[in-house]
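One structure is given below, encoded as structure tokens.
What follows draws every value from the coordinates through simple rules; no lab data is involved. These figures come from a predicted structure and were not determined experimentally. A quick note on method: Cβ atoms are made from the backbone with ideal geometry, for glycine too, and the neighbour counts reach across all protein chains shown.
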Amino acid sequence: MKVDTTEEISRWLEQGGGLAESLMRELRLDKFGYSVHIAFSVIVDAAGRVLETPLELALDLDGVQQLTLRSGLTPRMLEHPDEIGWGLSEVALVRVASSDVGVRFEALWEGERRIEVECRRATLEVVQTPPKVSAEPG
């Protein structure tokens with residue numbers, strides 16, 4: 001499934017709980033820096049139930065005008081990077097909205113960590129069919 005208007009992407013994200021507790025697996029520049037590709041694994045549904053199989057999706061942001069990453073790393077993380085686990089990639093909220101440039105993407109974590117992208121257009125693609133729900137989180 002592909003969604004390519006800002007309004008449809010925003011609606012899809014809102015219905016999915018803003019990708020809360022999803023894992024950002026990848027953030028990369030594409031097309032020599034013209035685009036940013038961001039991939040997520042959705043591990044719980046909007047009701048907070050654990051998914052049997054993660055839902056894999058990606059956002060492609062084209063015509064990037066600005067990319068901001070605020071790491072929010074603590075002094076302990078900086079001193080002991082080998083102790084950092086997958087939890088650092090767990091987002092609290094993902095939003096897409098219209099902006100003066102075209103599209104504003106935001107990935108927010110608890111605390112100061114955040115990624116913001118201003119770009120011309122965005123496409124969201126679900127690269128795997130919706131998974132089955134296994135159980136309530138424990």
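Residues in segment 62-98 that are in contact with a strand residue (DSSP E or B) (Cβ under 6 Å, 6 or more places away or on another chain), touching a residue at least 60 places away in the same chain (Cβ under 8 Å) and farther than 24 Å from residue 44 by Cα: how many?
Looking only at that region, the number is 1.
Cβ-Cβ under 9 Å, sequence separation 6+ or interchain: first residue in segment 99-121 and touching a residue at least 40 places away in the same chain (Cβ under 8 Å) and more than 17 Å from residue 35 (Cα to Cα), partner among the basic types (Lys, Arg) and assigned to a strand (DSSP E or B). Which pairs?
112/70; 113/70; 114/70
Go through (1) in a loop (DSSP other than H, G, I, E, B); (2) more than 13 Å from the chain's Cα centre (by Cα) for residue 8 and report which single condition fails.
Residue 8 satisfies every listed condition except (1).
Looking only at segment 19-50, filter to residues that are loosely packed, with under 15 Cβ neighbours inside 10 Å and among the aromatic types (Phe, Trp, Tyr); which one of those is farthest from residue 65 (Cα to Cα)?
Across segment 19-50, the extreme among qualifying residues is 32.
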